[in-house]
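Here's the structure we're looking at; comments come further down.
The values are calculated or read from the model by the stated rules, or taken from the named source; none is laboratory data. What you see is a predicted model; the values in this text were computed from it and never measured. Please note: Cβ atoms are built from the backbone with ideal geometry, for glycine as well, and neighbour counts cover all protein chains shown. Protein only, heavy atoms only, side chains kept; ligands, DNA and RNA dropped before computing areas. Shrake-Rupley method; radii C 1.70, N 1.55, O 1.52, S 1.80 Å.
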2 protein chains.
Amino acid sequence: MDVFMGLIVLLVLAKLLGELVERAGYPALLGEVGAGIVLGPTLLNWIAFDSTIEIFSNIGIIVLLFLSGTELSLKFFLEARYAAASAAAGGVVIPFLLGLALGYLFSFPILETLCIAIALSITSIGISVRTLIDFRKLHTLMGSTIVGAAMLDDIIGIVLLGTLLSLTFQGTVDLGAEAIALLLAFVFLLFMLTAGKQILRWILAQSRKSALHEMTFSSSILIALGTAYIAHLLGLHFAIGAFLAGLVLGDQIRDDRMLLDSIADFSFGFFVTIFFASVGLLVQFQWELLLSSFTLPLILVAFLGKVIGGYLGSLPFLRDHGSSLIVGLGLTPRGEIALVVIKVALVAGILTAALYSILTLMVVVTILVVPVLMKQAILLEERSRTGVLPDSGPGQTREPVHR
Amino acid sequence: MDVFMGLIVLLVLAKLLGELVERAGYPALLGEVGAGIVLGPTLLNWIAFDSTIEIFSNIGIIVLLFLSGTELSLKFFLEARYAAASAAAGGVVIPFLLGLALGYLFSFPILETLCIAIALSITSIGISVRTLIDFRKLHTLMGSTIVGAAMLDDIIGIVLLGTLLSLTFQGTVDLGAEAIALLLAFVFLLFMLTAGKQILRWILAQSRKSALHEMTFSSSILIALGTAYIAHLLGLHFAIGAFLAGLVLGDQIRDDRMLLDSIADFSFGFFVTIFFASVGLLVQFQWELLLSSFTLPLILVAFLGKVIGGYLGSLPFLRDHGSSLIVGLGLTPRGEIALVVIKVALVAGILTAALYSILTLMVVVTILVVPVLMKQAILLEERSRTGVLPDSGPGQTREPVHR
């Protein structure tokens, strides 16, 4: 199938499955990832994740995080910073340790064990954010904690991957390089929240004076792509730059209803769908691996590690068992970054093909199961907080769901 | 420069130059094409027209023509069919004959002469339509005539290219294959205006019932891409399918202001800009060719052929010298299709590198000069029709410009 046709088929199936899943009451992203699994190497093998799909998919995750940034208030996000840092730490340390223990238990070589531990430590920003948006929980303290923690996880994940690769190829760790990577990440973060903020707000304000009707839209998209690219150059994930840009431009974009609508359609109606579908394309597992004795323990650890780590990390700040558990759940999905890490490890000869497939299976299970669990957890938490059943009809006393 | 960075730089420069040109009172597309010329092989050679840019660019021309279709009324378009057919015939026959004469005069071999004649015969739908939109003349009888004629030109151009290639490689013309290509094109046209119309309108109506907010947008884009792909499979240009889809969905999309805005931003704020910039990337000429004795006559013939042909062809139907001249001018720009044809001819060994470069120069000149001439012609025509200067202020008697 040529690339153009592939894009069309992928989008059509993703939208159709997304519609079905949404009608069943779950986030459409499940259907979109499902479309990628169906059309990718796992089932039909009609569409490959090639360099063109990769660009569309990158634009998708970039605009998704840009939009998420605009939905969050900067104040709220900064308020959640300690909770986020603590949840991120818990959500990395516990799965990492459990991963090491698991590798030891199953007698994997040290590098493979490390790789398992790293894959278990990385949260997918995209899946978490999209799930929060779909449940309209993004702009809560809990939502800010999850997004902030997922971002920090990503930074930690990049450092861990660097460590693993230098261990593999040089047999030693270059602490200087790791420190520089970390430093750059934090300088970028600081810059975006100070001078960068002023610059981006100035650019967007200028674009409103343009002779071209579509200039504000173009500027917004180009700001998202540009900041994403800078983050990428600094060794961070694309999406972090775009998220920060969205965060500092939030009110400017939210106040322009037509602009926000256009960006939302551009994103959710096209690129974001390609992103989630391409996560499905990246998956590659053989069904017989379901029978491996390593599969079930790995999946169990994938859930327990993040849920416990995120719960313990955020509890001291959120002071609420329900919300803290949801933070843990929200950090559980692994996604495109974990898939890329294990792909790199496969190509570098660290992972066997069989272990690679089992890890992709773990990723898929977290993606597909977490939204379902989160829905239940959010309903339960709302019920326990208000003592009223969510479906208790008119005259209810519970807080309205934010829209 | 990697592809992602290339896209960003191309978009930024295209938007900036577009803004400057627009402020100077001319269509922004000139600045967009200019950005491609600056960044492409002609000047800086920073960005190549690779397969990824090609996909973005194809989506650009597709959504441009889709939107143009929605702006035209089907009734008006059908009313203009005889004028369009006649203008198309004039706009192909005269440049083709002049091209043959020119080739003969400069003693080019027969295949090269044929190739020059074909390149002179092909109108760029994209440039014509964008210019008409910018001057708000798309939904006039004149606009319908230009668009219809440009579409027919494209069909004729495809047939001519097929003829040239079979002459080159088989030394003979496969009349059966040519007849089938023509037949398919007309069957597709008929289908789109009858059963296809019903199917597409049903799909779009269904999408409004979706649980997903962005589904109407996604469906519109997918309809444009899907019909474009079918046209492509039938050997037509992508854009023809999307144009017809837009034409039959016109009222359904125009009545949904938010949908129309989103599609317009998606198109003009991103993909269409990449399309026009990539036309500039396709250009490749050496400045010293300006001195070739063939250059000036070729450019002269490029203008005279289309202006005279379009004028003579449309005059019996439009019965107005001014409008008929504008139709001729509107058919004058050659663009991406002409560039692709001569590229194919270059690769097939029909054209020398020098002649190829001169032909791309001819294409660029028509693109850059026609919008400027059209602006003057439209102002003159409005003035002569109403006897009032366009800038005569309030209380004027001339018809209001349609918006």
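Of note:
- Tail fraction, Cα-Cα pairs, the protein assembly as shown, threshold 34 Å, whole percent: 54 percent
- Cα centroid of the range A:77-118 to Cα centroid of the range A:4-28, whole Å: 33 Å
- Cα extents for the range A:120-194 along the principal axes, largest to smallest and rounded to whole angstrom: 46, 32, 14.
- Kirkwood hydrodynamic radius over Cα pairs of the range A:118-265, then Stokes diffusion coefficient at 10 °C and 1.306 mPa s, in µm²/s: 94 µm²/s
- Rounded, prolate or oblate (a/c below 1.5 giving rounded, otherwise prolate when a/b exceeds b/c) for the range A:1-154 by Cα gyration tensor: oblate
- Assigned charges on the beta-carbon of Lys, Arg, Asp, Glu; the range A:19-174 dipole about Cα centre (debye): 400 debye
- Average Cα contact separation per residue, chain B, under 8 Å, 6 or more apart, as relative contact order %: 28 percent
- Computed label-point distance, nm, for sites A:LEU165 and A:VAL347 using a 7 Å Cα→Cβ extension: 0.9 nm
- Figure legend: label point modelled 7 angstrom from the Cα of A:ARG385 along Cα→Cβ; residues of the range A:134-152 with amide N under 19 Å from it are A:134-149.
- Cα extents of chain B along the three principal axes, largest first (Å): 61, 51, 46
- Contact-buried residues of the range B:230-271, at a threshold of 30 Å² lost accessible area versus the chain by itself: B:MET258, B:ASP261, B:SER262, B:ASP265, B:PHE266, B:GLY269, B:PHE270 (1.4 Å probe; DNA, RNA and ligands ignored).
- 222 nm mean residue ellipticity, helices alone, for chain B (DSSP H n ≥ 4; -39,500 (n - 2.57); rounded to 500): -25500 deg cm²/dmol
- Cα convex hull, the range B:144-231: 117 Å³ per residue, rounded to a whole number.
- Calculated log₁₀ intensity ratio I(q)/I(0) where the Debye formula runs over C-alpha points of the range A:90-131, q = 0.32, 0.35 Å⁻¹: -0.99, -1.09
- Across the range B:304-316, rounded Karplus estimates of 3J(HN,Hα) from the backbone phi angles (6.51 cos²θ - 1.76 cosθ + 1.60, θ = phi - 60°) give 4, x, 6, 5, 5, x, x, 5, 5, x, 8, 4, x Hz, Gly and Pro being marked x.
- Using a probe radius of 1.4 angstrom, the carbon and sulfur fraction of the accessible surface of chain A is 69%.
- Radius of gyration, Dmax [the range B:64-200; alpha carbons; angstrom]: 16.8, 53
- Farthest positive-ward along chain A dipole, Cα basis, beta-carbon charges - from A:SER292, A:GLY313, A:HIS232: A:GLY313
- Convex hull volume per residue for the range A:285-375, taking Cα atoms only, in Å³: 98 Å³
- Over 30 Å between alpha carbons, listed pairs A:LYS137/B:LYS197; A:LYS306/A:LYS343; A:LYS15/A:LYS197; A:LYS15/B:LYS137: A:LYS137/B:LYS197; A:LYS15/A:LYS197; A:LYS15/B:LYS137
- Look at where the Cα atoms of the range B:216-248 and of the range B:251-267 average out, and the two centres are 16 Å apart.
- Placing +1 on each Lys and Arg Cβ and -1 on each Asp and Glu Cβ, with no other charges, gives the protein assembly as shown a dipole about its Cα centre of roughly 1320 debye.
- On a per residue basis, chain A carries 38 Å² of accessible surface, using protein heavy atoms and a 1.4 Å probe.
- Listed residue (B:ILE156, B:PHE108, B:GLY349) projecting farthest to the positive dipole end of chain B, Cβ model: B:ILE156
- The 3J(HN,Hα) values that the Karplus relation (6.51, -1.76, 1.60; θ = phi - 60°) gives for the range B:286-301 are, in residue order, 9, 5, 5, 5, 4, 8, 4, 6, 7, 4, 5, x, 4, 5, 4, 5 Hz. Gly and Pro appear as x.
- Relative contact order for the range A:43-151, counting Cα pairs under 8 Å that sit 6 or more residues apart, in percent: 37 percent
- For the chain pair B and A, buried accessible area totals roughly 3900 Å², probe 1.4 Å, rounded to the nearest 100.
- Taking 0.36 nm per residue of separation and subtracting the Cα-Cα distance, full extension of the segment from A:LEU182 to A:LEU233 would add 17.0 nm.
- A crude spin-label estimate for the pair A:ARG254 and B:VAL93, with each label 7 Å from Cα along the Cβ direction, gives 6.5 nm.
- Computed from point charges on the beta carbon alone (+1 for Lys and Arg, -1 for Asp and Glu), the dipole magnitude for the range B:173-303 about its Cα centre is near 420 Debye.
- Normalised contact order of the range A:294-356, rounded percent, pairs of Cα under 8 Å and 6 or more residues apart: 26 percent
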